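What follows is a single structure, written as structure tokens, with notes after it.
Derivation of every value follows stated rules applied to the coordinates shown; laboratory data play no part. If you're wondering where the values come from, they're calculated on a predicted model, not measured in any experiment. Don't worry about glycine lacking a Cβ; one is built from the backbone with ideal geometry, like all the others, and counts go over all protein chains shown.
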Amino acid sequence: MTMTRKDKSTDKTPRHVAIIMDGNGRWAQMRGRTRLIGHHAGAKRVKEIVRACPELGVECLTIFAFSTENWKRTQSEVAGLMKLFKRYIRHETQSLCEQNVQVRFIGDRVRLEPALVDLMDNLELLTSTNTGINLTVALNYGGRDEVARATRRLAHDVAAGKLDPREVTDETLPKYLDTCLLPDPDLVIRTSGEARISNFLLWQSAYAEYEFIDTLWPDFTPEEFRKVLNRFGARDRRFGAVPA
Ligand code: FPP
């Protein structure tokens with residue numbers, strides 16, 4: 001399998017790709033296995049997709065691991081996912097460092113267990129000076145919750161006299177978002193055939209291209225990722241303007 005893309009390093013390559021990794025549960029169900037087995041298979045795919053990014057010319061990858069709505073799942077599934085995140089961080093730290101990946105987490109950490117937050121903080125710190133791809137993991141993340149938290153911080157700055165209300169614009173507000181250090185996503189992919197965005201990167205995706213694909217996340221290979229990126233290269237992005 002050749003991973004090289006002809007159009008690498010041109011504006012045909014999305015700089016920032018965001019993925020809604022859906023379909024782990026159905027993948028497991030089709031095999032008569034528990035949903036958690038599906039999440040473990042999904043985590044395996046995460047590793048492969050992260051590893052494929054440099055060759056494919058993707059600089060930033062953001063993945064939706066757990067939403068603010070996912071707490072509504074059974075207690076055993078939530079606990080299993082939290083355990084999986086801790087395991088993933090512990091097991092992958094060395095490999096992510098070797099791959100020169102810079103990792104960041106977005107979402108509200110307040111509701112997460114302290115042991116997990118410690119691992120997240122530590123991984124961010126350890127990889128903070130890495131210069132390879134940027135991997136952002138959305139964990140207890142919701143777009144509306146992010147905008148609400150950002151607005152709260154912004155309101156504090158206004159109340160403290162640090163920010164003039166007249167300076168609140170579509171350029172200043174994003175500085176308060178969890179993604180303040182990231183470019184907006186160029187492409188958002190959702191696997192498993194569902195065509196909705198489920199509260200993911202609501203502000204940031206204003207001009208993103210979308211790809212809704214039928215493959216279930218645990219079956220999403222780097223080769224299919226390459227094909228999706230090639231389709232993106234064929235699109236005409238206008239950002240609200242008329243064609244040249
Ligand atoms: C959606 O599939 C998937 C999730 C809510 C969890 C995503 C987590 C992983 C891929 C595991 C590993 C992640 C990291 C960062 C190590 P679903 O359960 O909604 O599937 P279904 O719609 O078929 O039920």
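Scanning segment 23-37 for residues that are outside any helix (DSSP H, G or I) and without any contact (Cβ under 8 Å) to a residue 24 or more places away in the chain gives Arg31, Gly32, Arg33, Thr34. If you go through segment 124-144 and keep only what is within 16 Å of the chain's Cα centre (by Cα) and not in a loop (DSSP other than H, G, I, E, B), you end up with Glu124, Asn134, Leu135, Thr136, Val137, Ala138, Leu139, Asn140, Tyr141, Gly143, Arg144. Would you check if Val58 is touching a residue at least 60 places away in the same chain (Cβ under 8 Å) and within 14 Å of the chain's Cα centre (by Cα)? In short, yes. Examine segment 209-225 for a residue that is more than 16 Å from the ligand (Cβ to nearest atom) and in a loop (DSSP other than H, G, I, E, B), and state whether such a residue exists. For segment 209-225, residues more than 16 Å from the ligand (Cβ to nearest atom) and in a loop (DSSP other than H, G, I, E, B): absent.
Please work out which one of (1) surrounded by 13 or more Cβ atoms within 10 Å (Cβ to Cβ); (2) closer than 30 Å to Ile37 by Cα; (3) more than 16 Å from the ligand (Cβ to nearest atom) is the condition Gly80 fails and give its number. It is condition (3) that Gly80 fails.
Arg31 - would you say it is surrounded by fewer than 21 Cβ atoms within 10 Å (Cβ to Cβ), near the ligand (Cβ under 7 Å from one of its atoms) and over 16 Å from the mean Cα position of the chain (by Cα)? The answer is no for Arg31. Applying the condition of being among the small types (Gly, Ala, Ser) and over 25 Å from Arg31 (Cα atoms) to segment 188-239 and asking which residue is surrounded by the fewest Cβ atoms within 10 Å (Cβ to Cβ) yields Ala234.
Being of a type in the set (Asp, Glu), in a loop (DSSP other than H, G, I, E, B) and surrounded by 12 or more Cβ atoms within 10 Å (Cβ to Cβ): is that true of Asp184 here? For Asp184, the condition - of a type in the set (Asp, Glu), in a loop (DSSP other than H, G, I, E, B) and surrounded by 12 or more Cβ atoms within 10 Å (Cβ to Cβ) - is met. Restricting attention to segment 95-114, the residues that are more than 24 Å from Gly38 (Cα to Cα) and of a type outside the set (D, E, K, R) total 7.
I need a count of the residues in segment 45-63 that are part of a helix (DSSP H, G or I), within 16 Å of the ligand (Cβ to nearest atom), hydrophobic (A, V, I, L, M, F, W, C) and crowded, with 20+ Cβ neighbours inside 10 Å. Final tally of qualifying residues: 4.
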